[in-house]
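K.L.:
Structure in C-alpha cells, see below.
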Amino acid sequence: MNEPVRETPTQGVYLRFFVHENRRHHGILLYDWLLGEARKLGLHGGTAFRSIAGFGRHGVLHEAHFLELAGQETVRVDFVVTRAEADRMLQRVREEHLEIFYAILPAEFGVLGGESH
C-alpha cells in the first residue's frame, strides 16, 4: 500500500519572466526557449501565460483586441522553485546575453494530499 505524501512545505521563490509573445531566441519563441531551458536544468515545472492588457517600463499600453496583430502581447513565464534553481535559471539567461525583465518573489510551496508514486 502506498504511503500518503508528506505535506511539508518548501521555502523557495516565484521566478517570473516577462517577454513579448513574438520574440525569438535561436529561432525559437522566447517563452518556449525559457521553458525548454528550465526543463534541461531540472526545474520541475513552468507555465507561460498570455496577457490581456498591461504596460511596461516604456509606458506603452498593450491590449488584446480581436483585430490586433498576433504577437504583440506580453507572455509571463512562471516557475515556483528553490532559490538555487532560480539562480541556475538566471545564470542560463545571462549566458545567452538576453535582456529580459524578471521578478523574484518569496514562495512557500508543496503538494497536498494524494499518494506517493
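K.L.:
Among all residue pairs at least 6 apart or on different chains, which show Cβ distances below 8 Å where the first residue, located in the range 84-106, is loosely packed, with under 11 Cβ neighbours inside 10 Å and the second is at pLDDT below 95 and not in a loop (DSSP other than H, G, I, E, B)?
P.N.:
That search, which allows pairs on different chains as well, returns Pro106/Gln11.
K.L.:
Another question, if that's okay. Out of all the residues in the range 41-51, is one or more buried (at least 16 other Cβ atoms within 10 Å of the Cβ), at pLDDT 95 or above and of a type in the set (A, V, I, L, M)?
P.N.:
Scanning the range 41-51 turns up at least one residue that is buried (at least 16 other Cβ atoms within 10 Å of the Cβ), at pLDDT 95 or above and of a type in the set (A, V, I, L, M).
K.L.:
A follow-up question, please. Could you look through the range 5-47, keep only residues that are in a loop (DSSP other than H, G, I, E, B) and without any contact (Cβ under 8 Å) to a residue 40 or more places away in the chain, and pick out the one that is nearest to Gln72 (Cα to Cα)?
P.N.:
Filtering first and then ranking leaves Arg23.
K.L.:
Looking at Leu29, Leu34, Leu15 in this structure, which one is modelled with pLDDT of 95 or more, more than 28 Å from Val111 (Cβ to Cβ), buried (at least 17 other Cβ atoms within 10 Å of the Cβ) and not aromatic (Phe, Trp, Tyr)?
P.N.:
Leu29
The values are calculated or read from the model by the stated rules, or taken from the named source; none is laboratory data. As the structure is a computational prediction, the values presented were derived from the model and not from experiment. Here Cβ is always computed from backbone atoms with ideal geometry, including for glycine, and neighbour counts include all displayed protein chains.
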